[in-house]
């Protein structure tokens, strides 16, 4: 019986087998490429998310928030997840991670605030922006607050400081509340100059009402703090519009150098709504933060008499260098206060008024092998960085001398970092130096309470706002209580 497979049939089978094998190889190759091209399944950072919806918000606010963050870092490392204020969050506490979020990959993380806060401050305020509009706003703010612009403001700030100090003489005061008033008046001077006095008191009262409702529940019903705050916010916008209109009609040949003038400059002028949103935002940013730092400075100075004595001697040397004892401060004088400047720096490090900042991932982001999902909040923890023994020896000790040498990169961020860092930091430092000059050389102060603690609301503050008693010195003294 002859075979049914002819040479031709065998050849055909061989060709078909080869084609099938080749097709199978091509399919496997494509499948392999598709598999390799698929994004890796990255893990979320370690951590815990707490209870449904409320997450770990109760744990955060039932104790010192800084202790909450420190415990998390100790347990999970420099990047961890949690769930607070109704939002899933990733927190980062290394200098490198903070730089990643705020500088090198800042385009992947947008600034974010609760919606109620945006409504109060104004949706067109600089805090909430990115891209060209943000860059434009930053240029305008920096134009008014850079050293070249504020060097002419020393006399005006000094007058505000002296008025404040005279009002404290012989009184027991809540230091934080008084520092808020001082910072508020400096902010108004820097924004509007000296020419808008007729509107300032009305503006202040509206702002105080707005401030009371800032941290309230966002329930917009008559009688609630939020409702009153939103009503005051509308009135604030109307007051700012009146000031803008008044300046347009009375504009003199001498162009003012204040912030409002920068916002109204013809080439990059903002609309009235944009001006109102950003002026209210600048007041908000300038007031509580600067007041908090000044309050902590006084606490640390009264607890460290040797440092207070050294600061006083530095400031008295400036007075002695002048022809007259009552000669006003100059910009050059403020550059001869190195120790006082280091005291400010160390206070900002130890107190870390801005403990963290909020960002939101605009897309899925990979960092250090972990996934930061789109829409999650990302919090660089400045206080953890400022208090890390890897960055500062004995970080809990108040020691201004540590700033005699440059700090490690990205380990000192009291004003944030990157394009959204505080554009008013030079003004803040100037108003602190001016006040401290007159406070240390003309006044003495003492604590009224023996208790020492911290309260949060929302910034970290000495307990009860640091009650102090101030008195004018009858003769120069070398010591303080």
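The values are calculated or read from the model by the stated rules, or taken from the named source; none is laboratory data. Everything quoted here is computed from the prediction, not taken from an experiment. Glycine also receives a Cβ, built like all others from the backbone with ideal geometry; neighbour counts cover every protein chain displayed.
Annotations
- Residues of region 387-417 satisfying the condition of being surrounded by fewer than 11 Cβ atoms within 10 Å (Cβ to Cβ) and in contact with a strand residue (DSSP E or B) (Cβ under 9 Å, 6 or more places away or on another chain): none
- In region 57-80, the residue that is nearest to residue 355 (Cα to Cα) out of those that are at pLDDT below 90 and part of a loop (DSSP other than H, G, I, E, B) is 64.
- All conditions but one from (1) under 18 Å from residue 385 (Cα atoms); (2) surrounded by fewer than 21 Cβ atoms within 10 Å (Cβ to Cβ) apply to residue 85; the one that does not is (1).
- Number of the exception - residue 378 against (1) crowded, with 21+ Cβ neighbours inside 10 Å; (2) closer than 21 Å to residue 454 by Cβ: (2)
- Residue match in region 432-439 (condition: crowded, with 21+ Cβ neighbours inside 10 Å, under 19 Å from the mean Cα position of the chain (by Cα) and under 21 Å from residue 90 (Cα atoms)): no
- Hits in region 86-104 - residues which are at pLDDT 90 or above and in a loop (DSSP other than H, G, I, E, B): 93, 94
- Test: residue in region 88-101 that is surrounded by fewer than 19 Cβ atoms within 10 Å (Cβ to Cβ) and within 28 Å of residue 224 (Cβ to Cβ): no
- Within the set 107, 83, the sole residue that is in a helix (DSSP H, G or I) and either within 19 Å of residue 357 (Cβ to Cβ) or at pLDDT 95 or above (or both) turns out to be 107.
- If you filter region 353-375 down to residues that are over 20 Å from the mean Cα position of the chain (by Cα) and not in a loop (DSSP other than H, G, I, E, B), you find that the one that is surrounded by the most Cβ atoms within 10 Å (Cβ to Cβ) is 372.
- Whichever residue in region 60-82 is surrounded by fewer than 18 Cβ atoms within 10 Å (Cβ to Cβ) and more than 22 Å from residue 395 (Cβ to Cβ) and, among such residues, is nearest to the chain's Cα centre (by Cα): 61
- Residues that are modelled with pLDDT under 95 and either within 17 Å of residue 138 (Cβ to Cβ) or touching a helix residue (DSSP H, G or I) at 6+ places or on another chain (Cβ under 9 Å) (or both), drawn from region 396-409: 396, 407, 408, 409
- Against the test of being under 21 Å from the mean Cα position of the chain (by Cα), part of a helix (DSSP H, G or I) and under 30 Å from residue 67 (Cβ atoms), the options 350, 378 yield a single qualifying residue, 350.
- Region 49-59, residues that are under 21 Å from residue 373 (Cβ atoms) and surrounded by 15 or more Cβ atoms within 10 Å (Cβ to Cβ): 50, 55, 56, 57
- Selection within region 315-363 - farther than 30 Å from residue 454 by Cβ and without any contact (Cβ under 8 Å) to a residue 40 or more places away in the chain: 317, 320, 321, 322, 323, 324, 325, 326, 327, 332, 335, 336
- Restricting the first member to region 202-230 and to residues that are farther than 21 Å from residue 85 by Cβ, and the second to residues that are outside any helix (DSSP H, G or I) and at pLDDT 90 or above, the beta-carbon pairs closer than 8 Å and six or more apart or on different chains are 227/221.
- Some residue of region 24-41 being modelled with pLDDT of 80 or more and in contact with a strand residue (DSSP E or B) (Cβ under 7 Å, 6 or more places away or on another chain): no
- Count of residues meeting criterion [farther than 26 Å from residue 371 by Cα and touching a helix residue (DSSP H, G or I) at 6+ places or on another chain (Cβ under 8 Å)] in region 101-126: 10
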